[in-house]
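Worksheet: the structure to be examined is printed underneath.
The values are calculated or read from the model by the stated rules, or taken from the named source; none is laboratory data. What you see is a predicted model; the values in this text were computed from it and never measured. Quick reminder, even Gly has a Cβ in these numbers, built from the backbone with ideal geometry, and neighbours come from all protein chains shown. In case anyone asks, the SASA skips ligands and DNA or RNA and just uses the protein heavy atoms, side chains included. Shrake-Rupley method; radii C 1.70, N 1.55, O 1.52, S 1.80 Å.
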Amino acid sequence: MEEQELIVNYENVKRRVAAACLRAGRRPEDVTVVAVSKTKPFAMIRELAAHGVQDFGENYVQELASKADEQAADTAAKPVRWHFIGHLQTNKVKQVIGRAALIHSVDSVHLAQALSKEAEKRGIACVDILIEINIGQEASKSGVPEDAAEELVKAAAALPHLCVRGLMCIAPFVDDPEENRQHFKRMAQLRGRLQALALPNAPLTELSMGMTGDFEVAVEEGATLVRVGTAIFGARDYTVK
Ligand SMILES: *Cc1c(COP(=O)(O)O)cnc(C)c1O
């Protein structure tokens, strides 16, 4: 991909987000585009960062760790915020804490406990997390069912070193993004109900939902974080990873 193309793609996504905000009566600055850079080389991240992009998403622990370390070692590179968006195993929390600004994919009490414990060990007051909801009730997806969300949010918020910033979902892969509007609506309603509990350490201001195929519908339904890979970086080639 030509360097310029990357910037053009990113700006197109921003424009589409702004248009969706306008349709929904929302402010574009209330939606963060997380550029999902998995499988893509650090050089592309660096290029976008130089353009002012701050938020990048990775979903493999090892890849997050190596890119974050490369970024930190590159004194001329602009600082970025890493979002961990993949499935996280408890034995890998050490590699993610301290590197990721936000962990989108907490889906069990066990994982929440491991994160809080590791934060304590390192003297980190508070790790920002989202609770992942399996909103489409798909067997192939991680996340807790909608009706188990309250219990997990309460358990996570009660841990000393976690802050529950919001909810995340990976909606089903569909041809028509309108099919996912119902799921995004339910996510927003669920967030509202949980927010009304006014739990300490659970501000629940964030809704991470929407990807390349459906981010505009997600923004119309209240997403504050959209995770966009393909529309920015082009198709992924897993064979060269
Ligand atoms: C890969 C990935 C994305 C981005 O997907 P695109 O369809 O390429 O935009 C978003 N969220 C998660 C959790 C992912 O793994």
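Of the set (1) open to solvent by less than 70 Å² (accessible area, probe 1.4 Å); (2) farther than 19 Å from residue 229 by Cβ; (3) of a type outside the set (Asp, Glu); (4) within 16 Å of the ligand (Cβ to nearest atom), all apply to residue 37 but (2).
Candidates 167, 199: the one that is surrounded by 15 or more Cβ atoms within 10 Å (Cβ to Cβ) and in contact with a Leu (Cβ under 8 Å, 6 or more places away or on another chain) is 167.
Is it the case, given these coordinates, that residue 61 is surrounded by 12 or more Cβ atoms within 10 Å (Cβ to Cβ), out of contact with any helix residue (DSSP H, G or I) (no Cβ under 7 Å at 6 or more places or on another chain), at negative phi and touching a residue at least 12 places away in the same chain (Cβ under 8 Å)? Criteria not met by residue 61. Each residue in the range 148-187 was checked for being β-branched (Val, Ile, Thr) and within 19 Å of residue 211 (Cβ to Cβ), and 2 pass.
Residues in the range 170-181 that are within 15 Å of residue 138 (Cα to Cα) and open to solvent by 30 Å² or more (accessible area, probe 1.4 Å) were compared, and the one that is nearest to the ligand (Cβ to nearest atom) is 170.
If you go through the range 215-241 and keep only what is within 13 Å of the ligand (Cβ to nearest atom) and hydrophobic (A, V, I, L, M, F, W, C), you end up with 215, 218, 223, 225, 226, 228, 231, 232, 233, 235. Residues in the range 70-93 that are open to solvent by 80 Å² or more (accessible area, probe 1.4 Å), within 26 Å of residue 134 (Cβ to Cβ) and more than 16 Å from the ligand (Cβ to nearest atom): 91 only. Among residues of the range 118-164 being among the hydrophobic types (A, V, I, L, M, F, W, C) and assigned to a loop (DSSP other than H, G, I, E, B), the one that is surrounded by the fewest Cβ atoms within 10 Å (Cβ to Cβ) is 139.
Does at least one position in the range 191-214 carry a residue that is under 25 Å from residue 55 (Cβ atoms), within 16 Å of the ligand (Cβ to nearest atom), in a loop (DSSP other than H, G, I, E, B) and free of Cβ contacts under 8 Å to residues at least 24 places away in the same chain? Among the residues of the range 191-214, at least one is under 25 Å from residue 55 (Cβ atoms), within 16 Å of the ligand (Cβ to nearest atom), in a loop (DSSP other than H, G, I, E, B) and free of Cβ contacts under 8 Å to residues at least 24 places away in the same chain, which makes the answer yes.
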